[in-house]
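In what follows, a structure is listed as structure tokens, so that the remarks can point back to it.
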Amino acid sequence: MDTGSLFTPLAVRGVTLANRIVMSPMTRGFSPNGLPGSDVAAYYKRRAQGETGLIITEGVGVDHPAALGEAGLGENSIPVLAGEQSVAAWRRVTDEVHASGGIIFPQLWHMGPMKEANTGPFPAASPLRPSGLWGPSGRTTSLNAGYMERVMPPTRPMTDTEIADVIAAYGRSARFAKAAGFDGIAIHGAHGYLIDAFLWAETNQRTDGWGKNLAARSRFAVEIVRAIREAIGDTMPITFRFSQWKQQDFRARLANDPHELEQILAPLADAGIDIFEASTRYFNRAEFPGSEMNLAGWVKKVTGRLSMAVGGIGINKGYYDSMAGVETSAQPDLTPLLDRFSRNEFDLVGVGRSLLHDPNWARRARLGEPFLGFSNDSLARLT
Ligand SMILES: Cc1cc2nc3c(=O)[nH]c(=O)nc-3n(C[C@H](O)[C@H](O)[C@H](O)COP(=O)(O)O)c2cc1C
């Protein structure tokens, strides 16, 4: 198994990644009052020392009161990029990563409908939903029944002012990220959170310019990309994570065919996205009938931008299976990944749980050393 192809550099705007291995964003409530400390810096530094080409941080709340809920992690332990204190705290993280030769982007996050009322750093801030809908009932999901019961009742649609406020919040947080020394910005546009709730017809039933058709449903994301680009200038790359699946519905589809995918994502490419992260549970699956190509392959093809494959790299079970305790093991044979990569299907590979378990995963892949056996325990330790 020759992994050499993954260890070629990639230049994106003003940043050069040493290799194609990217740490996938993984939430971990270890930042009291939203501020990452020296343990968080050490956690990311270990992945940089382990030769990870690009680190995308855990989801980081944007500078908006309704951005974060509790998410089962204890009040206010999810980090934010909001205000000078957070800039100083993140500066320590980026300094440590840079000192180890790493590159790091924060994943900017607004939970939208997934925030539960009366939780998070601003409990009184009502959860925001494009049309007041949390999502359809009776779909395949791993969310618990109590939570579903509390969030299902419809609320009111977002007002134009609320939409403008959230867009501006992304711009401010991107500015804070730049001041904190981050090398680029990653946008969380997936998994049923606010941006995805605009993209998805089930949660966006607006009939105005923010929802009346596919293009209108992309407009919120486009405006966010513009606000971020305006805040950070031309040299820092921006990535956009999207997914067909939602936490509200594992079988959801944003795009039923490549043409729809293009209609949804091409406006984002035009607005300044450099890399699309295709969040799937298994990278090795065909996305649309008639071709073996996966979602990362299709997004590269229809947008002409760089793309990243995600899901089950180096590991044999999907994220939700292993979170539910299904026995999961390391998948030492990277041949299916390398075959697709060598066909130029995608440019980067996103590694989540494997890198959580083993900070030296990228180095091991380069040297052809055996990977460590995976244990679900590492999902709880998050060190
Ligand atoms: C503990 C944990 C936390 C996660 N948090 C986030 C997150 O904050 N943002 C996000 O986009 N994805 C999140 N994910 C999904 C991962 O980024 C990744 O897409 C998923 O784990 C599949 O990749 P893997 O099979 O390599 O683990 C999380 C996954 C795990 C295991």
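Checked against (1) part of a helix (DSSP H, G or I); (2) in contact with a helix residue (DSSP H, G or I) (Cβ under 7 Å, 6 or more places away or on another chain), residue 146 meets all criteria but (2). Cβ-Cβ under 9 Å, sequence separation 6+ or interchain: first residue in segment 323-345 and in a loop (DSSP other than H, G, I, E, B), partner of a type in the set (Ser, Thr, Tyr) and surrounded by fewer than 17 Cβ atoms within 10 Å (Cβ to Cβ). Which pairs? If the second residue must be of a type in the set (Ser, Thr, Tyr) and surrounded by fewer than 17 Cβ atoms within 10 Å (Cβ to Cβ), the pairs left are 324/142; 326/320; 328/375; 329/375.
Restricting to segment 1-28, name every residue that is under 16 Å from residue 106 (Cβ atoms) and not in a strand (DSSP E or B). Selection gives 24, 25, 26, 27, 28. Among the conditions (1) away from the ligand (no atom under 16 Å from the Cβ); (2) touching a Pro at 6+ places or on another chain (Cβ under 7 Å); (3) part of a helix (DSSP H, G or I); (4) of a type outside the set (Phe, Trp, Tyr), residue 39 misses just one, which is (2). When restricted to residues that are touching a helix residue (DSSP H, G or I) at 6+ places or on another chain (Cβ under 6 Å) and within 23 Å of residue 166 (Cβ to Cβ), segment 85-115 contains 6.
Does any residue in segment 300-316 that is closer than 17 Å to residue 21 by Cα come within less than 8 Å, Cβ to Cβ, of a residue that is in a loop (DSSP other than H, G, I, E, B) and among the aliphatic types (A, V, I, L, M) six or more places away or on a different chain, and which pairs are these? So the pair list comes out as 313/334; 314/334.
Here is a yes/no grid of residues against (1) under 20 Å from residue 259 (Cα atoms); (2) outside any helix (DSSP H, G or I); (3) at pLDDT 95 or above:
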{"position": "174", "(1), (2), (3)": "no, no, yes"}
{"position": "183", "(1), (2), (3)": "no, yes, yes"}
{"position": "195", "(1), (2), (3)": "no, no, yes"}
{"position": "206", "(1), (2), (3)": "no, yes, yes"}
{"position": "212", "(1), (2), (3)": "yes, yes, yes"}
{"position": "217", "(1), (2), (3)": "yes, no, yes"}
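For beta carbons closer than 7 Å, sequence separation of 6+ or different chains, a first residue in segment 26-54 that is free of Cβ contacts under 8 Å to residues at least 24 places away in the same chain and a second that is part of a loop (DSSP other than H, G, I, E, B), the qualifying pairs are 39/30. No other residue among 159, 94 is without any contact (Cβ under 8 Å) to a residue 60 or more places away in the chain and among the polar types (S, T, N, Q) apart from 159.
Quick grid of which residues meet (1) of a type in the set (Lys, Arg); (2) at pLDDT 95 or above:
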{"site": "300", "(1), (2)": "yes, yes"}
{"site": "305", "(1), (2)": "yes, yes"}
{"site": "310", "(1), (2)": "no, yes"}
{"site": "318", "(1), (2)": "no, no"}
{"site": "325", "(1), (2)": "no, no"}
{"site": "351", "(1), (2)": "no, yes"}
{"site": "361", "(1), (2)": "no, yes"}
{"site": "371", "(1), (2)": "no, no"}
{"site": "383", "(1), (2)": "no, no"}
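Would you pick out the residues in segment 353-383 that are small (Gly, Ala, Ser), buried (at least 23 other Cβ atoms within 10 Å of the Cβ) and touching a residue at least 60 places away in the same chain (Cβ under 8 Å)? Those that are small (Gly, Ala, Ser), buried (at least 23 other Cβ atoms within 10 Å of the Cβ) and touching a residue at least 60 places away in the same chain (Cβ under 8 Å): 362, 365. Of all the numbered requirements in (1) more than 10 Å from the ligand (Cβ to nearest atom); (2) among the aliphatic types (A, V, I, L, M); (3) closer than 18 Å to residue 250 by Cα; (4) under 21 Å from the mean Cα position of the chain (by Cα), residue 323 misses one, and that requirement is (1). Residue 86 passes every criterion in (1) buried (at least 23 other Cβ atoms within 10 Å of the Cβ); (2) within 14 Å of the ligand (Cβ to nearest atom) apart from (2).
Look through 183, 249, 196, 234 and report the one residue that is of a type in the set (D, E, K, R), away from the ligand (no atom under 16 Å from the Cβ), crowded, with 24+ Cβ neighbours inside 10 Å and touching a residue at least 40 places away in the same chain (Cβ under 8 Å).
Values: 249 fails: crowded, with 24+ Cβ neighbours inside 10 Å; 196 fails: away from the ligand (no atom under 16 Å from the Cβ); 234 fails: crowded, with 24+ Cβ neighbours inside 10 Å.
Selected residue: 183, the only one of 183, 249, 196, 234 that is of a type in the set (D, E, K, R), away from the ligand (no atom under 16 Å from the Cβ), crowded, with 24+ Cβ neighbours inside 10 Å and touching a residue at least 40 places away in the same chain (Cβ under 8 Å).
Within segment 342-363, if we keep just the residues that are away from the ligand (no atom under 15 Å from the Cβ) and over 11 Å from residue 52 (Cβ atoms), the residue that is nearest to the chain's Cα centre (by Cα) turns out to be 347. Among the residues of segment 272-286, which ones are touching a helix residue (DSSP H, G or I) at 6+ places or on another chain (Cβ under 9 Å) and touching a residue at least 24 places away in the same chain (Cβ under 8 Å)? Correct list: 272, 273, 276, 277, 278, 279, 280, 281, 283, 284. Within segment 266-315, the residues that satisfy the criterion of being under 16 Å from the mean Cα position of the chain (by Cα), more than 13 Å from the ligand (Cβ to nearest atom) and of a type in the set (A, V, I, L, M) are 268, 273, 275, 299, 306.
The values are calculated or read from the model by the stated rules, or taken from the named source; none is laboratory data. Just so it is clear, the model here is predicted, and its values are computed rather than measured. So basically every Cβ, Gly included, is an ideal-geometry build from the backbone, and we count neighbours across all protein chains shown.
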